[in-house]
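Step one of this worksheet: look at the structure below.
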Amino acid sequence: MYEMKPEYFIGIELIDEEHKQLFAYANEAYELLHEEFTPDKYDNISDILGKLREYTKKHFADEEAYMESIQYKRLFTQKVQHQQFIDKLDELDLEHLGEVQGQDEQIAEILKFLTDWLVNHILHVDGLIGK
Ligand SMILES: [Fe+2]
């Protein structure tokens, strides 16, 4: 459903591979949203949020290390955007914690946030790293 189209590849293998994994998590959220026969998705939502947190921590660290290694000029902008992503994840986590109602709405919000971010950030911000 969500996949790395050619324009998303920035040409740095490690980063491209990690971006692929983020798309895989978007797919996971999409499938969970459309999973009709799971009446209670609370734990699945916790699981996706947890995985996103762990994985983006690693991914941002790798990406920032790479940018530092090439003395990349836009590193600061990147760090700000990465932090904004983490802050939004915190927000989504707080909304989710203990909230058993509106699960599909929660998943839809996670999915929208993630896909908007993947498109905007990878295409317009990370895309410049490879150039
Ligand atoms: Fe980035």
Residues being open to solvent by less than 20 Å² (accessible area, probe 1.4 Å), more than 16 Å from the ligand (Cβ to nearest atom) and among the hydrophobic types (A, V, I, L, M, F, W, C) - total across region 93-131: 3
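In the list L75, L92, L97, which residue meets the criterion of being within 19 Å of E31 (Cα to Cα) and hydrophobic (A, V, I, L, M, F, W, C)? Before you say what the answer is, go through the steps one by one.
Details: L75 fails: within 19 Å of E31 (Cα to Cα); L97 fails: within 19 Å of E31 (Cα to Cα).
Of L75, L92, L97, the one residue that is within 19 Å of E31 (Cα to Cα) and hydrophobic (A, V, I, L, M, F, W, C) is L92.
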Hits in region 1-33 (condition: open to solvent by 20 Å² or more (accessible area, probe 1.4 Å) and of a type in the set (F, W, Y)): Y2, F9, Y25, Y30
Given (1) open to solvent by 60 Å² or more (accessible area, probe 1.4 Å); (2) touching a residue at least 12 places away in the same chain (Cβ under 8 Å), index of the condition Q71 fails: (2)
Given (1) among the polar types (S, T, N, Q); (2) in contact (Cβ under 8 Å) with a residue 40 or more places away in the chain; (3) more than 16 Å from the ligand (Cβ to nearest atom), number of the condition N27 does not satisfy: (2)
Residue that is most open to solvent (accessible area, probe 1.4 Å), among those in region 81-92 that are more than 16 Å from the ligand (Cβ to nearest atom) and over 24 Å from T38 (Cα atoms): E91
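The values are calculated or read from the model by the stated rules, or taken from the named source; none is laboratory data. All values reported here derive from a predicted model rather than from experimental measurement. We place every Cβ from the backbone using ideal geometry, glycine too, and count neighbours over all the protein chains shown. In case anyone asks, the SASA skips ligands and DNA or RNA and just uses the protein heavy atoms, side chains included. Shrake-Rupley method; radii C 1.70, N 1.55, O 1.52, S 1.80 Å.
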